[in-house]
Structure formats: C-alpha cells, structure tokens
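Notes for the one structure printed next.
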Amino acid sequence: MISSKIRLFVYFSVFWMSICTSYSQVWHPVSSNVSFKIKMLGAEVIGKLSGFQGSIHFDPEHLAQSSIYGSVETNTIDTGNSLRNRHLKEKEGFFEVAKYPTIAMKSLKIEANGESFVGTFALTMKGITKNIRLPFSFINEGENAIFKGSTTINRRDWQVGGGTIGMSDNVEVSIVLNVKK
C-alpha cells in the first residue's frame, strides 16, 4: 500500500510538471538561414552555414522558462568561392572543420525588448565559448513562427583568421529560423 505522503508527493510532482510544461512551447526547425558578412581588403565577403540542428522552447509570455539551442556544421561553410571555402575549412587559424565540426549557441537568458527580444547566448566556436547578446524578433503565425536576429561579433575572440592582413575583426552574423509547433 502506498503511503499518503508518497501519494501526495506523486500528485504534486505530476501537477508541477504539467504547470512547467504548459509554459514551454516547443518549436521544431523547418528551415534556417545562418549567414555572415565580413570586410576583406574593403570588399564585403558574404557566406552561409547550413546543417542547423536545434532545440527551441520559447514562449514570449514566459521567457524565464524559454530556452534556445542551435548548432551548424562548419564543413558547410559557403562563400560562393570554392578556393576561399577550402581555405576557411582547412587552414590553421580558421575553422579547422576536422577538429571543430560545429558552431553552437545556447541561451543563457532571454529578455523582452519592446516588441522584440534580446538573448544572451553562450557561443562556442573552435572550442572557445564566449557570451554574446543577440537581439531577435519572433513572428508567430499560429502553428508556424519565424525567429530573426543579427549581431556583430569579433572574430578574434574565437581565434578565427589570426592576423590576416586586410580582414576586419567585426563579423555580422544573421540567423533566420522557420519553425513549426
């Protein structure tokens, strides 16, 4: 026979889990566009990464219970120039994709900012993790939604590109995620 204390504990646990779960909306990635821009000798170089994998629990009404995790495969880097792509993938001091196959972001905190949001994320690239702030919008269309955000990071914080002459330190990173409940 189950004691009344154990029964009460089980009921309370189930009740609490149902409350916590009700505040978390799970979104599944349908498509993504992860891109970057950087100046090289004054010219703008544009690239993208694919292979997005993620776990998104987001409810704009319950930000404290929300969390976002995503990663892309470094081997998918594409700047539209095969020689540059190979250089970025293989050269020491750049992405070294055999050694560092993914770039990952994990939310630490998400805050409202007027009609949009700002996330503090731990960004891990080349085995180095630094915190970044990523302003983003969330457009909810019923069962579908779109996350859009962009920020500027300093490539040297992750030891990408070394002292390459003519390469800007600032990289603009943009992320668009199409998701579904």
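The values are calculated or read from the model by the stated rules, or taken from the named source; none is laboratory data. No experiment lies behind these values; they were computed from the predicted model shown. Reconstructed Cβ throughout: ideal geometry from the backbone, glycine too, with neighbour counts over all protein chains shown. Just the protein is used for accessible areas: all its heavy atoms, side chains included, with ligands, DNA and RNA removed. Shrake-Rupley method; radii C 1.70, N 1.55, O 1.52, S 1.80 Å.
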For a quick check of your reading of the model, give me the residue pairs whose first member lies in the range 62-76 and is open to solvent by less than 50 Å² (accessible area, probe 1.4 Å), whose second is in a strand (DSSP E or B) and charged (D, E, K, R), with beta-carbon atoms closer than 7 Å and at least 6 apart or on different chains. 63/111
Residues that are in contact with a Lys or Arg (Cβ under 6 Å, 6 or more places away or on another chain) and open to solvent by less than 30 Å² (accessible area, probe 1.4 Å): does the range 142-150 have at least one? no
Taking the condition of being farther than 18 Å from residue 178 by Cα, crowded, with 17+ Cβ neighbours inside 10 Å, under 11 Å from the mean Cα position of the chain (by Cα) and of a type outside the set (Ser, Thr, Tyr), how many residues in the range 107-131 meet it? 2
Enumerate the pairs (first residue in the range 46-57 and without any contact (Cβ under 8 Å) to a residue 40 or more places away in the chain; second residue anywhere and basic (Lys, Arg) and open to solvent by 50 Å² or more (accessible area, probe 1.4 Å)) with beta-carbon separation below 6 Å, excluding pairs fewer than 6 apart on the same chain, so at least 6 apart or on different chains. 46/37
For the range 32-61, how many residues are open to solvent by 50 Å² or more (accessible area, probe 1.4 Å), of a type outside the set (A, V, I, L, M) and on the phi > 0 side of the Ramachandran plot? 1
